[in-house]
Each structure stands twice: as C-alpha cells, then as structure tokens.
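One structure below.
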Amino acid sequence: MRSDLPSGTVTFLFTDVEGSTRLLHERGAEAYAEALAEHRRVIRDACAVEGGVEVDTQGDAFFFAFPTAPGAIAAASAFTEALSTGPIQVRVGLHTGTPLLTEDGYVGHDVHRAARIAAVGHGGQVLVSSSTAPLVALALRDLGEHRLKDLSAPERVYQLGDGEFPGLKSLYRTNLPVPATPFLGRETELGEVCELLERDDVRLLTLTGAGGSGKTRLALQSAGALADLYPAGVYWVPLAPLRDPQLVLQGAAQAVGADDGLAEHITDKHLLLLLDNFEHLTEAATDAAALLATCPNLALLVTSREPLHVSGEQEYPVPPLVPAEAVDFFTARARAIKPAFAPGDAVPEICRRLDDLPLALELAAARVKALSADQILRRLEQRLPLLTGGARDQPERQRTLRATIEWSYELLEPQEQQLFARLAVFRGGCTLDAAEDVADADLDTIQSLVDKSLLRNNDERYWMLETIREYALERLEASREADEIRRRHAEHFLALAKAAEPHLRKQTDEWLDRIEAEHDNLRGALDRLEATGNSKLVLELAAAMCWFWNFRGYLVEGRLRVESALAGDSRPTSARATALTLAADFALDTGDHATSHLRAEEAVALHRELGDVWGAAYSLVSLGLSHGVVRSDWNAARHCFEEGVQLFHEVGDEHEELEAARRLAWSHEQLGDLERSRALHEDNVRRARATGDRFVEARSLGVLGTFLLDEGRVDDAVPLLEESYRLHRKGLNHPDRYSGGIVLCRFARALVLAGRLAGAAQLLACYERHSDELEVTEEDWVTEMNRETLTVIHARLDDAAFLAAWDEGKALSEDEAVELALGELKRDA
C-alpha cells in the first residue's frame, strides 16, 4: 500500500488536454512534445505546492489526490492560469469523497467521479462537484444539474471563476435510467461496441447473449458514452413488459415524445434508440428495419438473446466477464454489503464456477453477510452439478445462471419463497401498498429479498430483473395460487384505474404520473381479464384508461385496446360511452377520419340515451372537430360547438365550456365572421380571468393579438401577446410550454410588420429549437403562419444577415427572445 496517499476524506483532481490530436497535427510531434512536457511540469509543481499526490498519469491526463478541497482548488487555479497563455489548455474536474484505500490504491465510486466531471468541460475550465463546493471559500458559479456520461443521477456542477465557456458536454435529451450500481469492467467490450456504433455502415447493432450476461448494462453505458454523436437524443425503450409486437414502435414513439408518427418525428435527425429485451417480440424486427430505411440518420442499439435476422444487422455477442474483471465485480458487490470483505482464494473459483456471469456473481455476492467466500464456494460445489443437470437444450451459460437463481431461491425461508413467487405477477414492479394488497407482502420479507439481490428497489418501487422474474413466474405457475394471485392483481389495478379516471379526465399531473408508473401492470390486468373472457370488466378498465392513453400520447395502443374492448361488449353502458368518445379521438389522431366520425356520432347518441350531459357535450366537441378539421364543414362544426357550450354550461363545467367556446370562435373565424369570433374570445378572456383559468385566458389573448396583427395594429397587439406569453410561462405542463412557443411565432410576425427582419428571424430560430426540445408535431396553421413570415424575411434580408440572425436566435432562451422582441417593438412605439 502506498504510504503517501491521503486517506479519509480526499479530494480528487483530474486533468485532460483539450484537442490533443488537433494540437499534434498543428504543431508537429517535436513542438507538441515540448509543450506537453511544460504542461506536465506546471501541473506537477502547482499540485505539489498544495500537498497533492500524483496517483496516476495516462497519456495526456493527470490524476491527483489532495488531503483538502481548498488545496485542490488552489492548485487548479494556479496551473490553469499559468497555462492560459500557452498552446495547451486542460479541462479540470474536482470531486470529494471517502474512498477505501487498499493495497491496490483507491476503491469506490468516488475515484472516477472527477474524471467524469472533467470530461464534460472545456479547455481552461475548472469544474467542481457538489460535494467539493461547500468545502471551499472561493466564489463558485452554479452551472445547474447535469447527468454525466457514467449514467449516474443528475449532479449539480460548479465552475471556478467567471470565465465564459460553451455549454457542458453532459447528457441531455435522454431517458436513460440511472443504474443502481456502478459500471465495472467491460472496458474492452465498451470500446468495441462504441467503435461499431461510430461506423457509418453500422446502424443496427444487436448485443446478444444469455440472460444475466450484462447486455442491458453494456448497451446503456455505450449509449451514454456516445451521446455526443446523437444531438437529437439517446432514448431507452424497455420492451420486457410488452407482449404485443405492434407496440414496439409505439413504445419507441412514447419514449422520444413523437405525437404524430415515429418516422415523421425522427425524419433525418441524428438519434439513437436503445431497444432493450427484444427477444420475445421478434415479429417486430421488420418494423424496426423499415424505420431505419425511412430515417437515414437513425441508429438502433438492440439487446436480445438472439439476433433479429434482418438486413444490415451487426451482431455483437456479449461474452462473460474476463476472470480478473469477474473477481473485481464480485468483490465490489460484496463490499457494497460488507465493506470489510477481503477476497481470498475462493473468489476466483466462485467466479469460474458461475461462468463469470454478472447476474450470477451478484446473486452469490449477496450472501457474504451470512456466509464466508469459502462457505459460498462449498455450497455452490454441492448444488450446481445437480441444478445444471437438466434442461440440456439450453446453452451452458444459461443453465449456470438458472442454477444460481434456483440455488438462491432454495436458500430462502418458506415465506420468502412464497412472496418471491407472488411478486412475479407484477409487470414493471410495484409499490409497497400494491405488494401488500395483492401478494400479502410484509416489509421485512420484502427487505430480505432486496438484501439477497432477488428484488430491487428505487423511487419507492420494487422490481425484479427480467431473468429473475422469469424464474419467479415459473414458481408462481407451479403453485396452487397462481389464478388467485392474478385475480387479485387484476382487481387491484381495475380499482386503481377507476379511482384515477375522474382525475385523468382533468389532466391532473399527479394522477397521470401515477398511472404512467403502473402502466405495465394495467396492461397485465387487461390481458388477464381478456384471457378469462370477462368482457364487461375489460371494457370498464379500457374506458378508465382512455384519458391516460389520450393525454400521454399512447394513441396506437389506446386505439387497439379500446376497439378490442368495444367489439367484445356491446351493452349500452357508461363505460361503452366513454370508450366510444375516446375511440373517436384516437381514430382522428391516427388518421382514420371515417371511423372517428362514426365513433363520435355513436358516442353522442349513447351519452344522450344514458342521460350523461357532460359526456354528450364532450362528444359533440369531438364531432365538431371531425366536421370542421376533416370535412371542412364548418357550419356543422359550429352547431356541434354551440350545443357543446350550452351543455357544459348546464352541468357547470366552466373550463370545458370556455374550451368549447374557443373552438366555436374558431368555427366563426373559418366561416368569415371575424367579429363574432373576436367577441367570443374577448368574453373568454373576461370569464377566464374571473375564474383563474390561466390557460384559456392565454390562448384567447394570443388569438386576439393575431387578429390585431392581421389589421396591422402592431402596437395594440404587443400587450396582448406579452400577457399571453407571461401566462403560459406560469404553467409547467406540455400544452403551456408548446403554446408559449407559438407566442414567439406571433411576435416574429409582429417584428416583420415593424420592419425588424433580423429580430423576426431570431425569434423563429428560437422557436424551432424550443419545438425540437419539446419534440412536438407542429400544427398546420402554425406551419403556414411561419412560412408566410419567413417568405417576407427572405425577400427583404440577404442570406448572410439571415444566417447570422438565425444562429444568434438559436442561442436565445424563450424569455430572452421575448425580451428582444419587446425591446425592438416598444422602441418603435
């Protein structure tokens, strides 16, 4: 063990040269070597003065450890200032932690944190972690929370000094999950996978291997490492809970936020989709291949136990860990449970017996609290030959993993075995309340399963790795209580959906998020009810879910489920009426206009028959949209909207009444009666202000501002547009953010009318970036309005000035863009 390394609380400092390859080519080998040597001298001298100890040097990178955070900061400040006038600039990362100091050096997740932080910075920039920042007296600049490329949870990052640098190169536009444990080993495989994805001729890469071999973790780490190659985003699509191949692309669309078709959303964007656990949905492989053919810059990274067998696929078989990595992996997992664990001679043999498979090693390491490594090895030697003797049609590594899971299961107490099997009924995990209600769980037994790595938990949910869940399902099916547990599961989630329905109808975010978390379980409940032929409850559950599917964009899935439920039960119930209402919306949004019109008519009739005034009003508005938007029959649309307004008024739902009135105003506008349309919007503004309906007020103010722009009354329009934007900015939901962006387009139009062409271009550029970030499909009328604005700009502004303004606009926030517009327009007033 090195005696010079500081122990206890340690601050790590990592440096790396920015653009080393470019500098080598520009300066030549000899001059670059001299500059590199001088840079090393400067850094070593500055760190030595402050008590820093050089831990490692690799290529152009330094790794130092300091006994104090102020010393590390002082050293970083000194050497970056000394290097600032020279050819070599270094990015610097600092992080403070309490690593374990062993004979091999520092051990723990803190060790590489400084390097990860430095990697997102730029030459001359010193970045500081949230654990280091409170320990120093110097003023630091808060750069906000960022996800690093090791996929860890968002970390608040600070900058030393007030220097201006480009944005940090952290993960963004991603839904990659935060792993529960650090990524260990696999450096060779990570490099090979990244190298394959960087090749222009590899757009479909499938990582194959046995369950538990680490395919998903390697894929996630590779996707995070290459995020810079995909400016449109890197998105994870978990497929394990799905059973219908038709839902694969729907799941991908949901992950990326595509509202109007996945291919239409991606188009030529540079984007990576990680399709995880594809093996049971291989019928969708041709759909994935067709998507690649349509989207030229899309890449697919797939994990599967078998290749997809489609044209252009590159397979990468994921091997077990190499022996040294397997030992490190086992040791790290064991130390997470028992920090003082010391690997002896038994650990390499344990790893060999378990074929160096990560999941098998994790299950065995989970036993170190109760068993020594020698005891674990002896038990494995006794049980594995027996457990792997069957199922000879499986690959050897798969038999070893299954045997390890079975061994872990046999070590459980009877009540633990029973709960383990029962919890397999949940898809996508469950809350403690659900586990108690469906599986008669108790917290102590659940915690015991977590401790043994058979169950995982995060965000107040408990879940199983899919390979473990497959075994648990076998145990459930082998028990006498499988039907009873599935019945209780279906009843629990039917009750949840019914309780949620009134809140979902009002777009309550808390309930939408709650149902999102349980979506896979609700799918499972529907599948169970369908399998048992209970068409009444199928329709009730589908009807309760309709609002969620509609507002969260599961349009294809929602339509398939609802149409199937409607076909199975024709009784004139309120559930059928609700399903018909949303079936009309689903059909309209997915382009089946004829079915949409038919379903809306059926819904209106059934709601009337049942005496459901609110449902009739809502369905009338849907029917009006079909008449107007699809059939261009705005007279028929007007009649539907008028009755909808009247019925919502009768039941006292003022928000929906105002929304229907807004659509009625639209129909009058389309029919040429602008004064009536204006009057309705003005009345909407007055009533919305009285009731605090911010969204309706903002939307109507925006339309009224547009009417004034049409009349050339820019000065009168500006206050309305400003207020509309302010109201939308108060909201955090998707409609508010989208509608706030549309106000930018209206301001751009005002700037064109005022002759401020460069400013107009800046606002449209800001809007385009804003829309890309929201990943929304632009409405036709917005596209047309922007096309007209751009036509005027291009006719009056030369290309160089336009491009300069466009680039400047893309760097603006929405608030900055509105401030710019107001400054330009009020200056002319």
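The values are calculated or read from the model by the stated rules, or taken from the named source; none is laboratory data. Everything numeric here is computed off the predicted structure, so don't read it as measured data. In this analysis, Cβ positions are derived from the backbone assuming ideal geometry, glycine residues included, and neighbour counts consider all displayed protein chains. Protein only, heavy atoms only, side chains kept; ligands, DNA and RNA dropped before computing areas. Shrake-Rupley method; radii C 1.70, N 1.55, O 1.52, S 1.80 Å.
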Fill in: Surface accessible to a 1.4 Å probe, per residue, for the residues of the range 769-827, Å²
57 Å²
Discussion item. With a 1.4 Å probe and all protein chains left in place, how much of the accessible area of the range 520-566 comes from carbon and sulfur atoms, in whole percent?
Written reply: 52 percent
Practice prompt. Count charges around Gly568 for me, please; just the other residues with Cβ under 13 Å from its Cβ, Lys/Arg as +1, Asp/Glu as -1.
Written response: 0
Item to complete: For the range 741-829, report the convex hull volume of the alpha-carbon atoms normalised per residue, in Å³, without decimals.
Response: 82 Å³
Response to the item:
Counting Lys and Arg as +1 and Asp and Glu as -1 over every other residue whose Cβ sits under 12 Å from the Cβ of Ala75, the net charge comes to -3
Discussion item. Can you give me the % of accessible surface on the range 259-356 that is carbon or sulfur? Probe 1.4 Å, all protein chains present, nothing else counted.
Written reply: 52 percent
Practice prompt. Taking only protein heavy atoms into account and a 1.4 Å probe, give the accessible area per residue of the range 147-292 in Å².
Written response: 38 Å²
Practice prompt. Starting from the Cα coordinates of the range 310-361, work out the convex hull volume and express it per residue in Å³.
Written response: 90 Å³
Worksheet item: Can you work out D for the range 49-152 in µm² s⁻¹ from Stokes-Einstein, where Rh is the Kirkwood radius over C-alpha pairs, the temperature is 25 °C and the viscosity is 0.890 mPa s?
Response: 170 µm²/s
Discussion item. Nearest 5 percent is fine: what portion of the DSSP beta bridges confined to the chain is antiparallel?
Written reply: 60 percent
Worksheet item: In whole percent, how big is the carbon plus sulfur part of the accessible area of the range 143-235, probe 1.4 Å, protein atoms only?
Response: 52 percent
Worksheet item: What number, in percent, do you get for the relative contact order of the chain if the mean sequence gap of Cα pairs under 8 Å and at least 6 apart is divided by its residue count?
Response: 6 percent
Item to complete: Distance between Cα centroids, the range 458-481 to the range 168-202: provide it in whole Å.
Response: 29 Å
Practice prompt. Note down the relative contact order for the range 78-139 as a percent, whole number, built from C-alpha pairs under 8 angstrom at least six residues apart.
Written response: 40 percent
Worksheet entry | Alpha carbon convex hull of the range 112-180, projected area averaged over orientations, nm² | 4.9 nm²
Discussion item. I need the calculated FRET efficiency for the pair Asp162 and Ser479, taking r as the beta carbon distance and R₀ as 51 Å, to the nearest 0.05.
Written reply: 0.20
Worksheet, complete the sentence: With label points set 7 Å from each Cα along the Cα-to-Cβ direction at Arg456 and Lys826, the distance between them in nm comes to 5.2 nm
Fill in: Loop-located trypsin sites (Lys or Arg not before Pro) in the range 689-795, at most 12 other Cβ atoms within 10 Å (DSSP)
none
Item to complete: Set Lys and Arg Cβ to +1 and Asp and Glu Cβ to -1, take the dipole of the range 648-794 about its Cα centre, and tell me which of Ala758, Ala688, Leu701 lies farthest positive.
Response: Ala758
Worksheet item: Between rounded, prolate and oblate, where does the range 187-271 land on the alpha carbon gyration tensor, with a ≥ b ≥ c its root eigenvalues, rounded for a/c under 1.5, else prolate if a/b exceeds b/c?
Response: oblate
Worksheet item: Under Stokes-Einstein, with the Kirkwood radius over Cα pairs standing in for Rh, what whole-number D in µm²/s applies to the chain at 37 °C and 0.692 mPa s?
Response: 108 µm²/s
Practice prompt. Could you tell me which trypsin sites (Lys or Arg not before Pro) in the range 124-208 are loop residues by DSSP with no more than 16 other beta carbons within 10 angstrom of their beta carbon?
Written response: Lys169, Arg199
Practice prompt. Would you work out the relative contact order for the range 1-77, in percent, from Cα pairs under 8 angstrom that are 6 or more residues apart?
Written response: 45 percent
Discussion item. So if I take the centroid of the Cα atoms in the range 268-307 and the same for the range 585-636, what is the distance between those two points in Å?
Written reply: 36 Å
Item to complete: Restricting things to alpha carbons, find the Rg to Rh ratio for the range 43-93 using the Kirkwood radius for Rh.
Response: 0.94
Response to the item:
Convex hull around the C-alpha positions of the range 462-604: the volume in Å³ per residue is 116 Å³
Worksheet item: At a probe radius of 1.4 Å, what is the per-residue accessible area of Asp653, in Å² to the nearest 10?
Response: 40 Å²
Discussion item. Placing unit charges on C-beta atoms (Lys and Arg positive, Asp and Glu negative, everything else neutral), compute the dipole magnitude of the range 563-606 about its Cα centre in debye, rounded to 20.
Written reply: 180 debye
Practice prompt. Assuming a ≥ b ≥ c are the square roots of the Cα gyration tensor eigenvalues, decide whether the range 68-118 counts as rounded (a/c under 1.5), prolate (otherwise, with a/b larger than b/c) or oblate.
Written response: prolate
Response to the item:
Placing each pseudo-label 7 Å from Cα in the direction of the beta carbon, Glu788 and Glu436 end up separated by a distance in nanometres of 6.0 nm
Fill in: Full-extension gain in nm, Asp345 to Glu642, via 0.36 nm per residue minus C-alpha separation
98.7 nm
Discussion item. Can you give me the solvent accessible area of Cys194 with a 1.4 Å probe, rounded to the nearest 10 Å²?
Written reply: 20 Å²
Worksheet item: Can you work out the FRET efficiency for the pair Glu510 and Ala37, with r the C-beta to C-beta distance and R0 = 41 Å, to the nearest 0.05?
Response: 0.10
Discussion item. So, for the range 448-531, what is the accessible surface per residue at a probe of 1.4 Å, expressed in square angstrom?
Written reply: 49 Å²
Discussion item. Taking the Cα centroid of the range 500-557 and of the range 137-151, what is the distance between the two, rounded to the nearest whole Å?
Written reply: 39 Å
Worksheet item: Going highest first, how would you order 633-644, 441-452 by mean Cβ packing within 10 Å?
Response: 633-644, 441-452
Worksheet item: With each pseudo-label sitting 7 Å past Cα toward Cβ, what's the Val107-Lys810 distance in nm, one decimal?
Response: 4.8 nm
Worksheet item: Taking a probe of 1.4 angstrom, what is the accessible area of Phe548 in Å², to the nearest 10?
Response: 0 Å²
Fill in: Per principal axis, descending, Cα span of the range 1-42 in whole Å
44, 18, 17
